[in-house]
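Worksheet: one structure, shown below.
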Amino acid sequence: EEVIYEKSKIEDMRREGGKIARITINRPEKRNAFTPKTIKEMQRCFDDARDDATVGVVVLRGAGDLAFCSGGDQSVRGDGGYVDEREERGGKKVPRLNVLDLQMQIRRLPKPVIASVAGYCVGGGHILHMICDLTIAADNAVFGQTGPKVGSFDAGYGSTHMARLIGQKKAREMWFLARMYDAKEALNMGLVNCVVPLKDLERETATWCREILRNSPTALRLTKNALNAAEDGQAGIQDLGGSATMLFYQSGEGAEGRRAFLEKRAPDFSQFQRFP
Ligand code: 2NE
């Protein structure tokens with residue numbers, strides 16, 4: 001209801017080597033501000049994009065040209081988080097900050113995620129684009145953290161990952177002054193990968209996706225894992241480790257351990273080379 005989810009057609013997939021999954025936040029009348037429901041719907045889309053082996057790259061965008069996302073919907077912000085009026089537990093409303101779970105989901109998604117940004121990209125919406133692996137901005141894009149103006153902040157990736165992207169001084173400027181920055185400034189700061197005319201945004205995003213689809217999915221996965229692990233401590237190593245285990249399970253050496261156990265015999269690992 002609050003998100004549009006699309007995937008490439010089979011013919012395009014065959015030609016391009018994989019599908020593009022496109023997730024569009026669809027609340028243009030609110031500059032694509034998110035509610036707990038928007039986030040839940042986005043989580044289902046990202047889950048599908050992860051599980052669908054034909055999907056090689058994911059695009060996140062906002063409906064219309066005026067906004068990518070304006071962050072949490074302030075009209076449903078309660079005292080403990082954002083509240084979906086339709087959701088109750090034990091007769092009580094459930095306050096949520098489930099956008100933080102979504103950030104982790106995008107971060108851990110083992111496929112590249114591209115933010116395709118037109119218009120305002122502010123508050124929690126700005127953090128979503130920063131979490132995406134790449135950002136392609138239209139020349140009408142405007143970036144900023146508005147939290148301190150509306151009594152909010154993100155002391156997680158929204159602060160620390162931003163400082164890795166643009167440096168400590170600029171990150172503090174962006175948060176403490178809560179100014180808006182145009183697309184050119186964002187490019188100079190290292191917040192986005194490129195800026196294109198608004199009319200070319202969709203085409204340029206598709207071009208980047210197709211280039212990615214031509215490359216080795218496993219190489220991309222491990223590279224994303226490694227770049228994250230350098231920032232994410234033990235949780236990042238766990239993610240990288242998971243990919244290493246997945247690869248090892250596909251090897252003869254991994255399979256020998258499994259087979260030996262099931263056949264109730266000692267494993268013979270001597271047949272496998274010890275690489276230098
Ligand atoms: C985004 C911005 C700068 C756009 O300005 P403009 O002038 O283009 O549009 P306008 O008229 O302000 O907005 C159009 C309609 O969208 C609603 C407005 O209230 C307005 O509604 P009507 O008057 O037509 O009924 N709207 C826009 N953004 C909204 C929002 N976030 N929540 C609810 N309604 C929204 C300008 O609209 C703006 O500054 N928006 C607020 C940005 C903001 O402060 N976002 C929240 C930051 S905190 C956050 O996202 C967060 C966090 O920090 C930590 C955890 C989770 C979330």
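The values are calculated or read from the model by the stated rules, or taken from the named source; none is laboratory data. Computed from a prediction, not measured in an experiment: that's the story for all the values here. Neighbour counts are summed over all protein chains in view; Cβ atoms, including those assigned to glycine, are modelled from backbone coordinates with ideal geometry. Side chains included, ligands, DNA and RNA excluded: accessible areas come from the protein's heavy atoms. Shrake-Rupley method; radii C 1.70, N 1.55, O 1.52, S 1.80 Å.
For the residues Phe46, Phe34, Phe248, a GNM of the chain with alpha-carbon springs under 10 Å puts the largest fluctuation on Phe248. How much mean residue ellipticity at 222 nm does the chain get from its helices, if each DSSP H run of length 4 or more adds -39500 (n - 2.57) and you divide by all residues, to the nearest 500 deg cm²/dmol? Value at 222 nm, helices only, nearest 500: -14500 deg cm²/dmol.
Rounded to whole Å, the principal axis extents of the Cα atoms in the range 1-124 read 50, 33, 23, largest first. Of the residues Gly167, Gly72, Phe143, the one whose Cα sits farthest toward the positive end of the charge dipole of the chain, with +1 on the Cβ of Lys and Arg and -1 on the Cβ of Asp and Glu, is Gly167. Ignoring everything but the protein chains, give the 1.4 Å probe accessible area of Val117 in square angstrom, nearest 10. Its accessible surface works out to 0 Å², give or take rounding. Short-range pairs are left out: with C-alpha atoms under 8 Å and at least six residues apart, the relative contact order of the chain is 15 percent. Simple spin-label estimate for Ala53 and Gln74 gives 4.8 nm between the two label positions (7 Å along the Cα-to-Cβ direction from each Cα). Annotation: the antiparallel percentage among DSSP beta bridges lying fully within the chain is about 35.
How far is the Cα center of the range 137-184 from the Cα center of the range 47-103, in Å? Result: 20 Å between the Cα centres. Listed values for the range 67-81 are Karplus-derived 3J(HN,Hα) couplings in whole Hz (6.51 cos²θ - 1.76 cosθ + 1.60, θ = phi - 60°), namely 7, 6, 6, 9, x, x, 6, 5, 6, 10, 7, x, 6, x, x, and x replaces Gly and Pro.
Overall, the accessible surface of the chain at a probe of 1.4 angstrom is composed of carbon and sulfur to the extent of 53 percent.
Among Asp48, Asp79, Asp154, the largest mean-square fluctuation in a Gaussian network model of the chain (Cα springs under 10 Å) belongs to Asp79.
Among the listed pairs Lys111/Lys184; Lys170/Lys199; Lys37/Lys93; Lys111/Lys224, give every one whose C-alpha distance is greater than 18 Å. In this structure, Lys111/Lys184; Lys170/Lys199 exceed 18 Å between Cα atoms.
Distances between every pair of Cα atoms in the chain, grouped in 10 Å steps from 0 to the bin holding the largest one, split as 6, 26, 32, 20, 9, 5, 1 percent. Would you please state the base-10 log of I(q)/I(0) at q = 0.17, 0.22 1/Å for the range 47-178, with intensities from the Debye formula using one equal scatterer on every alpha carbon? Treating every Cα as an identical point scatterer, log10 I(q)/I(0) equals -0.99, -1.37. Rounded to whole numbers, the Karplus 3J(HN,Hα) couplings from phi for the range 51-62 are 6, 6, 5, 7, 7, x, 7, 10, 10, 10, 8, x Hz, using 6.51 cos²θ - 1.76 cosθ + 1.60 with θ = phi - 60°, and x at Gly and Pro. Just the number, please: Stokes-Einstein D of the range 183-276 in µm²/s, Kirkwood Rh from C-alpha pairs, 37 °C, 0.692 mPa s. In µm²/s, the coefficient is 189. Suppose we look only past 19 Å in the calculated P(r) of the range 1-57. What percent of the Cα-Cα pairs does that tail hold? Roughly 35 percent, rounded to a whole number.
Protein heavy-atom accessible surface, 1.4 Å probe, per residue over the chain: 54 Å². At the listed q of 0.25 Å⁻¹, the Debye profile of the range 155-226, built from one uniform point per Cα, gives log10 I(q)/I(0) equal to -1.07. Using Cβ point charges alone (K and R +1, D and E -1), the dipole size of the range 26-98 about the Cα centre works out to roughly 240 debye.
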